[in-house]
Amino acid sequence: SGKRRWKVDVDTGLSGGVGAGGDLVLVGSDRGRVIAMESATGRELWRASVSSEVLAPPAADWDVVVVQTLDGQVHGLDAATGARRWTHDSSMPLLTLRGTAAPVLKEGVAYCALASGRIVAIKADTGTVLWEGRIATPQGQSEIERTVDIDGRPLVIGANVYAVTYQGKLGGLAIANGRPVWARDASSYVGIAEGFGNIYVAEASGTVSAYEVAGGALRWQNEQLARRQLGTPVAIGSQVAVADAEGYVHLLSQVDGHMMGRVRADSDGVRADMIAVNDMLYVYGNDGGLRAYRVESR
C-alpha cells in the first residue's frame, strides 16, 4: 500500500543505498560508518566504523554483513554486534570512477566487484579469499583509457557470476574457481539484469543490449535511448525496464527489445536501482519519492 511503517533519523550524511538481509536494514555514511537497524521496527542496533566512504548498499545474511568501501577495501562485520571480523584490501588503479559495486552474498560467499575489473570471491564468515578472476583487462596508453571499473552489482546465475565493466567487457566467471566463462565487448557503469535466458546491459552510450546467458551471443540491441544516462535494467514480466536521468521509465520487450511503453516517474530523474517483485516495479526518484507501478505483460 505504500503506508509508512517506520521512520528513523540517523543524524548523519548517508552516501550509499539501503541494504537488507536477515532481519537487518543497513545504510552507509559519507564518514565511513555502517548503521544497522531492525527491519521490523527501525530500531537502531549498532554502528560500526569502516575504512572509507560507503557508496554502495551493504549486503547481509543472518550471520555477517559485508561492506565495500571507496578505497577498495571489503569489510566483514558481525551481524549481531557490528564487530569487525575481517578486512580484504585490493589494489586500486590510479584513476577510477566515483562509485562502488554492491557486494553479493550467496550461500556463504561474498562476490565483490572491484575497480580493477576483477571479481573476488570471499568466504563471508572468515574472510578467506577463495579466488579472484578478471572480467576485463585495462588497455590503452592513458589512465583514462585504462579505466575498467565495475560499479554495478554482480549477478549470480546458476554456476556463474556475471558483471560488466566501464569501457571493457561483459563477462562471466565460474563460481567454483573463478575461471572465465565468456566475455563480450561492452561498457557500462551500472548493473545488469537477467530474464528470458538473456543478460541485459544498459551501456554508457544509452544502448540497451541483450546477450544470451549461455554463450554470450548478442540477441538484440535498442539504440533509441542514446545519451539518456540509463540506470540498471530490471526484468519484470515479459519486459525489461530501464530508467533515465530525466526520470522516465522505459519498458522494452525481453523478446526483441522493441519499445513497449514509458512513464515519467520523477521530473528530477531516477538514479537509484529499481526493484521488481512479481508484477510490481518500485522506483525511487531523485525527489525522495517512492513509487510503485504494476506492469502488465503483453
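In table form, for the structure just shown:
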{"quantity": "Sequence-distant residues sharing a close amide H with G117 (under 5 Å, placed H)", "calculated": "I150"}
{"quantity": "Amide proton proximity set for G269, modelled H, under 5 Å, gap of 5+", "calculated": "G247, N286"}
{"quantity": "Label-point separation in nm, I157 to V263, each point 7 Å along Cα→Cβ", "calculated": "2.7"}
{"quantity": "Value of Rg/Rh across segment 247-298 [Cα atoms, Kirkwood radius]", "calculated": "0.97"}
{"quantity": "Simple spin-label estimate for A292 and D63 in nanometres, 7 Å along Cα-Cβ", "calculated": "3.4"}
{"quantity": "Cα-based reach from K169 at 28 Å (exclusive), listing lysines while leaving out same-chain residues under 8 positions away", "calculated": "K106, K123"}
{"quantity": "5 angstrom amide H check on R153, placed H, neighbours 5+ away", "calculated": "A102, G191, I192"}
{"quantity": "The chain: most fluctuating residue of A136, A110, A214 per GNM, C-alpha cutoff 10 Å", "calculated": "A214"}
{"quantity": "Per-residue ³J(HN,Hα) for segment 249-257, Karplus 6.51 cos²θ - 1.76 cosθ + 1.60, θ = phi - 60°, Hz, x for Gly and Pro", "calculated": "10, 9, 10, 10, 5, 6, 6, 9, x"}
{"quantity": "Evaluated at q = 0.09, 0.11, 0.12 Å⁻¹: base-10 log I(q)/I(0), Debye formula over Cα of the chain", "calculated": "-0.42, -0.65, -0.78"}
{"quantity": "Residue-by-residue Karplus 3J(HN,Hα) for segment 282-287, coefficients 6.51, -1.76, 1.60, Hz, glycine and proline x", "calculated": "9, 10, 9, x, 5, 7"}
{"quantity": "Simple label model, 7 Å out from Cα along Cβ direction - Y282 to D78, nm", "calculated": "3.0"}
{"quantity": "Euclidean distance of C-alpha centroids, segment 149-184 and segment 4-47, integer Å", "calculated": "29"}
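FYI, it's all coordinate maths here, none of it is from the lab. What you see is a predicted model; the values in this text were computed from it and never measured. FYI the Cβ positions are ideal-geometry reconstructions off the backbone, even for glycines, and counts take in every protein chain you see.
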